[in-house]
Amino acid sequence: ALPFAEAIRPIDLHDTHLAILAHALVILGRNRASVGLTHMPQSMAAVRDELTRRLRTRHTDPAVTELGASEATNLEGLLEVWLALAPHGSDPSAPSAALDALAASLSANPAARIAHAAALSVAAAFNHSTMRNRRAQAQLDLLAPIPAVHADFELSAALIRHRMAFQSGEWDVAQAAIEPSLALALEDMRDVGALQAQATAGLIPLCRGDEVGARMLDHVTALAASRPFSSAMGAVLWARGWAATVNGEPRVTAYAFGQLWSSPLTGAFAGAESAVLRVRALVALDDLAEANVAGNQLSSLDVDPDALSYLRHHIGALLAMGTRDHAAAEVSFAQAHAALKKRARDDSPRGLQLIHAVFVEDWARFHVDTNRGAATRDECAAQLHLAMGMLLRVGARPWSERLESLLAGMAAAQPEPSDGKPVALPPDLLSRLTAREREITHLVLEGHSNKEIAKIL
């Protein structure tokens, strides 16, 4: 129907026909956004402009028939929401800035309740995905007291609440946030929103080793795979990527986030932090070429500058580890740690707990594998303790056990020799080792990483 809509001059339409066309374009915008298509039709802007004109002139121009102020105002605002997602030249910050401004402007108009709720919902999703958690939380707080307006916007808000609580280590709170939407989803198990809610609800059980989570994701995958790519399949990939990160499965992590970043939804759906999850998985698989590509994709997102500083330093440290440039990795880990602390202080620590656990796991592995960074070893161990406690509380046992193993490895690590020479083993200990054990131990004390030792052997 778009060629027909593009041929219409909105100014020639009767109020009723204009309203029908506006409703159709609102539905189109919502559906396009759900599959990552942000090129909105020109007719959407034309209809929005005509609605604006009639709202401004309805009291002064007797030739203009009266259009319901509330309906027209909400249609105008909803069209503006979807137009805000359209590309704006080379400025990647336009969507977030436009949505924030729109949400603020609609708050002053009681007649625009529906459009205001939609703008808050979409803006919160964008802000969370670009690591502006304080702003996202404020928008969710503003949205909470607004009476129910539309199932899609309620679902969007519930999904963001779930994501923020999940990444904050508040997993029971996260499940409570999604349960009302899951109950509504049971009315139509094949609806895209229903499938997205089911995939989201399966994440935490999967992270806790509950087979129910795996079955839920398999069910959604089977239904969503037969359709064009949508937010339902995006939610499946996001859940699988995070669950694989929790459970230490780099191949699954790399595949899931790779599929999501190459889809129409791209990183705005996956979240900026998923770039780190993908890079670390690819480095673990020794696919450094693809890891570099994954790191560079961050430039396509409107990420908060301070958050971007952390992400780039963390990714830089991972890539340096992949190329065995341990000196560069040591510097990058220290910079990433400082940037992440600044982000938690200046924005909000909420939403960063799991990201923090990812970072300290990588940082601790660097200490264990290279026996470098004596100046930061104690700080890393302290942060590792905090992350391990949080993971134990939420029930992420495989992850907490990995951190416990790293903590033991850090405690057993030999200090760096002051003269730069390899540490010698005591003769009585040396005599109790087999020839192979002595060979491996000498390689460890010379500072080789596990991967280097494996290749040498």
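The values are calculated or read from the model by the stated rules, or taken from the named source; none is laboratory data. Please read these numbers as outputs of a predicted model, since none were measured by experiment. Glycine gets a Cβ as well: all are built from the backbone with ideal geometry, and neighbour counts include every protein chain shown. Only protein heavy atoms, including side chains, enter the accessible area calculation; ligands, DNA and RNA are left aside. Shrake-Rupley method; radii C 1.70, N 1.55, O 1.52, S 1.80 Å.
At a glance:
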read-out: Angle in degrees between helix 113-129 and the longest Cα principal axis of the chain, rounded to the nearest 10; value: 20 degrees
read-out: CD proxy at 222 nm, helix term only [per DSSP H run n ≥ 4: -39500 (n - 2.57); per residue of the chain; nearest 500]; value: -23500 deg cm²/dmol
read-out: Using θ = phi - 60° and Karplus 6.51 cos²θ - 1.76 cosθ + 1.60, couplings along segment 357-366 (whole Hz; Gly, Pro as x); value: 5, 4, 5, 5, 4, 5, 5, 5, 4, 4
read-out: Given charges at Cβ of Lys, Arg, Asp, Glu: the chain dipole, positive-most of LEU159, SER121, ALA98; value: LEU159
read-out: Cα-based shape type of segment 128-259, given that a ≥ b ≥ c are square roots of the gyration tensor eigenvalues and the cut on a/c is 1.5; value: oblate
read-out: Whole-Hz couplings from phi, Karplus 6.51/-1.76/1.60, listed for segment 391-396; x for Gly and Pro; value: 5, 5, 5, 7, x, 8
read-out: Furthest towards positive pole of dipole, GLN175, HIS150, ILE440, structure part the chain, Cβ charges; value: ILE440
read-out: Rounded to the nearest 20 debye, dipole of segment 94-156 from Cβ charges on Lys, Arg, Asp, Glu; value: 160 debye
read-out: Positive-end residue, segment 215-335 charge dipole about Cα centroid, Cβ charges, pick of GLY258, ALA320, SER274; value: GLY258
read-out: Accessible area of the chain belonging to carbon and sulfur atoms, whole % at 1.4 Å probe; value: 57 percent
read-out: Relative contact order of the chain, defined on C-alpha pairs under 8 angstrom at six or more residues apart (%); value: 11 percent
read-out: Three-way shape call for segment 355-412 based on the alpha-carbon gyration tensor, with the a/c threshold at 1.5; value: prolate
read-out: Rounded D (µm²/s) - the chain, Kirkwood Rh over Cα pairs, Stokes-Einstein at 10 °C, 1.306 mPa s; value: 66 µm²/s
read-out: Degrees between helix 435-445 axis and first principal axis of the chain (Cα, 0 to 90, nearest 10); value: 60 degrees
read-out: For the chain, accessible area per residue (1.4 Å probe, heavy atoms of protein chains only), Å²; value: 45 Å²
read-out: Debye, to nearest 20: dipole size of the chain, +1 on Lys, Arg Cβ, -1 on Asp, Glu Cβ; value: 300 debye
read-out: Mean separation of Cα contacts under 8 Å (6+ apart) over length of segment 279-369, as relative contact order %; value: 25 percent
read-out: Nearest-ten-degree value, helix 151-167 long axis tilted from longest Cα axis of the chain; value: 20 degrees
read-out: Cβ-placed point charges (K, R +1; D, E -1), dipole of segment 202-351 about Cα centre in debye, nearest 20; value: 200 debye
